[in-house]
Amino acid sequence: MIFNLEEEQRKLVLARFKTLNPDLKLMLGDGKEVTVSDLIKHIEKGDDFGKKVVQVQMKMLKILSSNGVT
């Protein structure tokens with residue numbers, strides 16, 4: 001079995017979003033709203049928007065882990 005970092009990151013982000021209310025609306029940087037359900041669909045499709053969501057979430061997790069509780 002080959003380890004695929006991108007796939008593992010995608011699974012992690014999906015698991016995080018699936019703990020949220022699917023109807024919850026999140027505000028994007030450009031002022032648009034998107035539901036958690038829509039984010040999950042984009043991530044599952046693997047489209048450009050979904051890939052960007054995964055990248056942003058992984059950056060956020062890295063920041064939180066490096067500045068987290070010691």
Among LYS45, LYS25, LYS32, which is out of contact with any strand residue (DSSP E or B) (no Cβ under 7 Å at 6 or more places or on another chain) and at pLDDT 95 or above?
LYS45
So, in segment 13-50, exactly how many residues are open to solvent by 80 Å² or more (accessible area, probe 1.4 Å) and free of Cβ contacts under 8 Å to residues at least 12 places away in the same chain?
10
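The values are calculated or read from the model by the stated rules, or taken from the named source; none is laboratory data. In this text, all values refer to a predicted model and were calculated from it rather than measured experimentally. Note: ideal-geometry Cβ built from the backbone for every residue, glycine included; neighbour counts use all protein chains shown. In case anyone asks, the SASA skips ligands and DNA or RNA and just uses the protein heavy atoms, side chains included. Shrake-Rupley method; radii C 1.70, N 1.55, O 1.52, S 1.80 Å.
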